[in-house]
Structures are given as C-alpha cells and as structure tokens.
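Please read the structure below before turning to the comments.
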Amino acid sequence: MPDNPGTGRPEATSTATPPPEPTRAVTGPHHAEPTLAHLRAIGEHNAAALRGAAEALLDCVRADGLVFTAGAGHSLAGVMESFYRAGGLAAVRPLYHPDLLPLHGAVASTNTERTSGLAREVLAEAGFRGGRDALVVFSNSGVNPYPVELAIAAAEAGSVVVAITSPLASADAPLRAGTTLAAQAGIVLDTLVPGGDASYPVAEPVTAPLSSLSNAYLWNMLLVELHDAAQRAEVPLPVWRSANTVGGDEANKANLQHYGARVPGLV
C-alpha cells in the first residue's frame, strides 16, 4: 500500500533577475549532481514567487475555498502529487479528464490537450466557482489550448492562477493557443526547463527529462512556504496524514468529512 493518506487575481509575481542558464547533465555517473543543481537553481530563482503563491493559497484556504490543480500528459504527475497524499494539502480538487492521460491513449492525449474548448468544460463540470477558489496549472511548454484556456477562464472568474511552467520551453514551442500559460497566470513558478525537456547528454540532449522532477520540487517548496505562512497567520492548515502511521486514519477523518462532498475523488 503506498504511503498516502489512505486510504480578484493578484498582480503577476516574478523575480527581478533574469533566469540562470538551464542545467545540463555532464557524464553518466555524474548526472545526479547537475540535476540537483537544477533543483537548487529553481528554488533560488522562484523564492519571491513561491512566497506570493503561498500567500494566495493561504487566502484560498482561509476563505474555505479549494485549490484546483490541473495538467495534461506527464504534467498530470504534478496533479497526482498535489492530491490526497501524506503531507499534502487537503483543500485540493484535482481536475482530470481521461483523454488527457497518456495511459488511456498516448497520441490521443496529445491531441486532446490541443483541443480548444475542453478547459472550460472541465472547469464547469468540476464546479469551479472562481473568486475564493484558486487554480494551479502544471504545463512545461505552456502553449497548448487546454492549460492556457484553463488559466484564462479562471482569471476571468476572479481567481488567482499559479502556473508551474517554463517560459524558456514556451519560447521554443509553437503557440497553439496564441499565447502562453505564463502570460495568462497571475503568479509564475518557473521550472527553468529547456525546450524539449531532455537534459542528457549535454551536447545533444535526448533523455533524462527534468520537468516532472521540477514540478514536484516546486510544489513541495510551495507547501513549505504555505505551512510557514499559515503558522505566521495562525491559520489552521488542513493537511493529510499517512494512513500507514498510528492515528493516521483518525487524523484524516475531519478532512474527509469537510472536503468529501466538494471533492468527489475523495469518496
């Protein structure tokens, strides 16, 4: 059994300095260090944006709203990391459509992400209310209609939009939605991942993608900042406990009762 619980729009936030060069791997046995260096770099680069995002999510929790998380393709790994897991935020509503998951059809998932109009349908079906609800969108390239239109729709509804994306990758990709996720989000957490995602070998990268690692790391750092912000504000933060610890099921009971009706995936 996995270690899970068991079982208006603010001004854009950005850093003042230009992003550092993306980290590339060097040789096989030493690949770990450049990858770790990349994670350190994005942590430093996004320090101010992480604080801004944490304050925005704290406002959402304080208002008893939900943090909707979304992605397509492998960016759905970020959505999975955000939902119903030990140490995670309980006030999360994952946005999901089966046609966006590569396991249900790899080529079809790519085509679905490029389909205009789906984003608003998914938001409506999920009961996204705008205002007190927030939206976090994971998308490395941030150029396809689904993630871009999610951000546009949520912002129009008066919600904060946090994008976990790479403007560097966006610049290297065709603008299928006419704009980018980063351009439509109020707060951007920059993964600094190069176009194409691959990081190894350094001369002609073809493997060792960085986006999933970067997404998970930035979400983790966002939870850290959110915890500290909640402590300073003396706001109780609803988090999940592992079901594989003594008292875990009992600790999670209140979260299940409070969010179960609004987050269908919980029950």
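The values are calculated or read from the model by the stated rules, or taken from the named source; none is laboratory data. As the structure is a prediction and not an experimental result, all values here were calculated from the model. Neighbour counts run over all protein chains shown; Cβ positions are idealised from the backbone, glycine included. Just so you know, the surface numbers come from the protein's heavy atoms only, side chains and all, with ligands and any DNA or RNA stripped out. Shrake-Rupley method; radii C 1.70, N 1.55, O 1.52, S 1.80 Å.
Worth a mention:
- Any pair with Cβ under 6 angstrom, 6 or more apart, that starts in the stretch 34-55 at a residue that is surrounded by fewer than 17 Cβ atoms within 10 Å (Cβ to Cβ) and ends at one that is of a type in the set (Ser, Thr, Tyr): ALA37/THR23; ALA48/THR15
- VAL162 vs. criteria part of a loop (DSSP other than H, G, I, E, B), open to solvent by less than 50 Å² (accessible area, probe 1.4 Å) and under 21 Å from CYS60 (Cα atoms): no
- Single condition TRP219 does not satisfy, out of (1) in contact with an Asp or Glu (Cβ under 7 Å, 6 or more places away or on another chain); (2) within 30 Å of ALA63 (Cα to Cα); (3) not in a helix (DSSP H, G or I): (3)
- Check on LEU237, within 18 Å of VAL67 (Cβ to Cβ), out of contact with any Asp or Glu (no Cβ under 8 Å at 6 or more places or on another chain), open to solvent by 40 Å² or more (accessible area, probe 1.4 Å) and assigned to a loop (DSSP other than H, G, I, E, B): yes
Residues are listed down the side, and each one gets a yes or a no for (1) under 23 Å from ALA37 (Cα atoms); (2) open to solvent by 30 Å² or more (accessible area, probe 1.4 Å):
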| site | (1), (2) |
| --- | --- |
| ALA182 | no, no |
| ASP190 | yes, no |
| TYR200 | yes, yes |
| ASN220 | yes, yes |
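- Close pairs from the stretch 120-131: first within 16 Å of ALA261 (Cβ to Cβ), partner at pLDDT 95 or above and part of a loop (DSSP other than H, G, I, E, B), Cβ under 6 Å, at least 6 apart: ALA126/LEU95
- Annotation: ALA243 fulfils all but one of (1) in contact with a Pro (Cβ under 9 Å, 6 or more places away or on another chain); (2) buried (at least 20 other Cβ atoms within 10 Å of the Cβ); the unmet one is (2).
- Residue in the stretch 248-255 that is more than 20 Å from PRO94 (Cβ to Cβ) and not in a helix (DSSP H, G or I) present: no
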